[in-house]
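Peer 1: Structure in structure tokens, see below.
The values are calculated or read from the model by the stated rules, or taken from the named source; none is laboratory data. Not measured: the values here are computed from a predicted model. Reconstructed Cβ throughout: ideal geometry from the backbone, glycine too, with neighbour counts over all protein chains shown.
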Amino acid sequence: MLKTYAYPEFPYVQPPEQKSGQIVRKKAVIVGGGPIGLTMALDLAVQGIPCVVLDDNNTVSIGSRAVCYAKRPLEVWDRLGCAAPMVDKGVGWKIGKVFRDEELVYQFDLLPEDDHKMPAFINLQQYYLEEYLIERCKDFGDLVDIRWMNKVISVKNNPDHVRFTIETPDGIYEMEADYAIACDGAKSDVREMLGAEFTGQFFQDRFLIADVVMKADFPTERWFWFNPPFHRGQSVLLHKQSDDVWRIDFQLGWNADPEEEKKPEKIIPRLKAMLGEDTEFELEWASVYQFACRRMSKFRYGRLFFAGDAAHQVSPFGARGANTGVQDTDNLAWKLKLVMDGKAPDSLLDSYDEERVFAADDNLRNSTRSTDFITPKSNISRTFRDATLDLAQKYGFARKLVNSGRLSSPTPYVNSSLNTPDSDAFHGTMAPGTNCADAPVKVGGTPGWLLNHLGGGFKVIYFSDGSGTPAALAALQDAPVPVEALVIGGNVEDTKGLVTDRYDGTPGTTYLIRPDQHVAARWRSFDPAKVTAALNRAIGK
């Protein structure tokens, strides 16, 4: 009927350490070659840090799995030079609709304002995403050493390094790392080997994921049904992906038999009831899952760090899994770089645990609320949900209470020890700890985007007061940790005035921006001593 995806196989190559029998220490070792591990490798490579990626397989993920990628991870991948093919291949969307029975309850817009480079969301099968990440890794040559069919079978966490025992088709070898990052998923072998705590809540419900290849006239929107006529008493979610692949999630209930529900003879009648008997489709992939909201008690264990699902696990409602995992790597890579280069104390790495545990708790809280609304576990909860849906059709206040999976948005690090608290009054959302908003700009007469000039190192955004650029601003470039100046009204043209608007940029206003494009501090006037103090605070000194 329609062309389906052909999974690539990547070649296994015997590791040189296995051939030589020598134990070699690497700068960084990443366990897991999925989206989070590959993004971590790219972020290190962009900063010139060589790394080894160990993966126990030799292909990309089977099935679409993670499909919804939010604006913030896309901005991270754009900084790493690989977002363009993702956006080109993916299905961009920002409108969501919530139905009850057959009636539209309400719809929402995830990016109501214009002039952002990245879309609110794209839908893209995980196998494509991983392919693009792997292709980008190749651009860095030896800086990213991806080792397929290399399975970690033992981990020893030492005070000054991490030691791995690794199994390959040619046998077993050992390798050491100055630093290691476990990105090996919710069933993390590294976490199990370490005996690290992973606690939280399993939800007693099951859902069927079906990837369906078909030509359909549904719009490119997120559609969610409560109690639809084709699946009474349960919920259904519909998303469009690339290549005419549609993701459909059916709530099954706790008593459903997972093995039975995965059989085509069980799935196809459900699909026909939803799509119509005459609709032509092919079932590409299916899975039944029970979800959980859990996290590790901490994400740093000496020189070993956990990121993505290895560190925290959420329900799929809200697209918080891969999206928040990418933000883990975004937070960690620049801190490792500064510590490795001797420009920041080891204690800076503790802030990874501080900031990302805080973000994980925020995601777990929102994920749990979504799950409780979608699958109420008591008569009171069900009554509340049904009353909310009744009211939401007419009243705006009730629409805010409908929770069919509040979609992923970055968690501001509002209480981070790296922030310098505001001492001046500001309007808007760009408070310390918040990721920077994008806006169109021109630099050297070339049109572009603000975020493409942030990241990779510390930056100062200074709003010119018309009297020229302070000399001390340029001198920050020569600091032990260099700070590059972006002068709005100087070397940066605010083409539509949106940088000024989104950052409340009155003349003299100054922002210090971290390498991960988060605000570290802001003031109403430029003071080099304050900038230096805030910089030292942001690097843990």
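Peer 1: Do we find a residue being in contact (Cβ under 8 Å) with a residue 12 or more places away in the chain, among the hydrophobic types (A, V, I, L, M, F, W, C) and within 30 Å of I30 (Cβ to Cβ) anywhere in the stretch 234-243?
Peer 2: no
Peer 1: Right, Y395: among the aromatic types (F, W, Y) and without any contact (Cβ under 8 Å) to a residue 40 or more places away in the chain or not?
Peer 2: So Y395 passes the test.
Peer 1: Quick one: which residue in N403, N491 is modelled with pLDDT of 90 or more and surrounded by fewer than 21 Cβ atoms within 10 Å (Cβ to Cβ)?
Peer 2: N491
Peer 1: For the stretch 473-484, which residues satisfy the criterion of being hydrophobic (A, V, I, L, M, F, W, C) and within 9 Å of F458 (Cα to Cα)?
Peer 2: If the condition is that a residue be hydrophobic (A, V, I, L, M, F, W, C) and within 9 Å of F458 (Cα to Cα), then V481, V483 are the ones that fit.
Peer 1: Given the condition closer than 28 Å to I49 by Cα and either among the polar types (S, T, N, Q) or crowded, with 22+ Cβ neighbours inside 10 Å (or both), answer yes or no: does some residue in the stretch 440-449 qualify?
Peer 2: No, every residue in the stretch 440-449 fails to be closer than 28 Å to I49 by Cα and either among the polar types (S, T, N, Q) or crowded, with 22+ Cβ neighbours inside 10 Å (or both).
Here is a yes/no grid of residues against (1) surrounded by fewer than 17 Cβ atoms within 10 Å (Cβ to Cβ); (2) charged (D, E, K, R); (3) in the same structural domain as P228 (by TED's automatic domain parsing); (4) modelled with pLDDT of 90 or more:
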site	(1), (2), (3), (4)
M340	no, no, no, yes
A344	no, no, no, yes
L349	no, no, no, yes
T371	no, no, no, no
R382	yes, yes, no, no
A398	no, no, no, no
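Peer 1: Restricting the first residue to the stretch 500-528 and requiring it to be at negative phi and crowded, with 17+ Cβ neighbours inside 10 Å, which pairs with a second residue that is among the small types (G, A, S) and part of a strand (DSSP E or B) meet a Cβ separation below 7 Å and a spacing of at least six or different chains?
Peer 2: Listed by first residue and then by second, the contacts come to L512/A520; L512/A521; I513/A520; R514/A520.
Peer 1: Do we find a residue being among the small types (G, A, S), outside any strand (DSSP E or B) and either touching a Ser or Thr at 6+ places or on another chain (Cβ under 6 Å) or under 28 Å from D184 (Cβ atoms) (or both) anywhere in the stretch 243-256?
Peer 2: Within the stretch 243-256, none of the residues are among the small types (G, A, S), outside any strand (DSSP E or B) and either touching a Ser or Thr at 6+ places or on another chain (Cβ under 6 Å) or under 28 Å from D184 (Cβ atoms) (or both).
Peer 1: Look at the stretch 199-221 and say how many of its residues are polar (S, T, N, Q), more than 25 Å from F108 (Cα to Cα) and under 23 Å from the mean Cα position of the chain (by Cα).
Peer 2: 2
Peer 1: Would a scan of the stretch 37-49 turn up a residue that is farther than 16 Å from A307 by Cα, of a type in the set (D, E, K, R) and in the same structural domain as Q125 (by TED's automatic domain parsing)? Explain how you work it out, then say what you get.
Peer 2: To start, the set of residues in the stretch 37-49 that are farther than 16 Å from A307 by Cα comprises 45-49.
If we keep only those that are of a type in the set (D, E, K, R) too, we end up with none.
No, the conditions are met nowhere in the stretch 37-49.
Peer 1: Here is a follow-up. For the subset of the stretch 279-328 comprising residues that are of a type in the set (V, I, T) and part of a helix (DSSP H, G or I), which member is nearest to K97 (Cα to Cα)? Give the derivation first.
Peer 2: We begin by selecting, within the stretch 279-328, every residue of a type in the set (V, I, T); these are 279, 288, 314, 324, 326.
So of that shortlist, the ones also part of a helix (DSSP H, G or I) come out as 324, 326.
On the way: T324: 23, V326: 27 Å.
Checked the stretch 279-328; the qualifying residue nearest to K97 (Cα to Cα) is T324.
Peer 1: May I pose another question? Can you name every residue in the stretch 421-432 that is over 20 Å from H116 (Cα atoms), in contact with a strand residue (DSSP E or B) (Cβ under 9 Å, 6 or more places away or on another chain) and surrounded by fewer than 22 Cβ atoms within 10 Å (Cβ to Cβ)?
Peer 2: Correct list: P421, D422, S423, D424, F426.
Peer 1: From E167, E197, which residue is free of Cβ contacts under 8 Å to residues at least 60 places away in the same chain and either outside the structural domain of K272 (by TED's automatic domain parsing) or among the small types (G, A, S) (or both)?
Peer 2: E167
Peer 1: Separate question: Restricting attention to the stretch 54-66, does a residue exist that is within 24 Å of L336 (Cβ to Cβ), more than 20 Å from the chain's Cα centre (by Cα), in the same structural domain as K151 (by TED's automatic domain parsing) and of a type in the set (A, V, I, L, M)?
Peer 2: Scanning the stretch 54-66, I find at least one residue that is within 24 Å of L336 (Cβ to Cβ), more than 20 Å from the chain's Cα centre (by Cα), in the same structural domain as K151 (by TED's automatic domain parsing) and of a type in the set (A, V, I, L, M), so the answer is yes.
Peer 1: For the stretch 450-459, give me each residue that is surrounded by fewer than 23 Cβ atoms within 10 Å (Cβ to Cβ) and either in the same structural domain as C82 (by TED's automatic domain parsing) or among the hydrophobic types (A, V, I, L, M, F, W, C) (or both).
Peer 2: L451
Peer 1: Still on this model: Could you count how many residues in the stretch 1-41 are surrounded by 15 or more Cβ atoms within 10 Å (Cβ to Cβ) and of a type in the set (G, A, S)?
Peer 2: Within the stretch 1-41, residues that are surrounded by 15 or more Cβ atoms within 10 Å (Cβ to Cβ) and of a type in the set (G, A, S) number 6.
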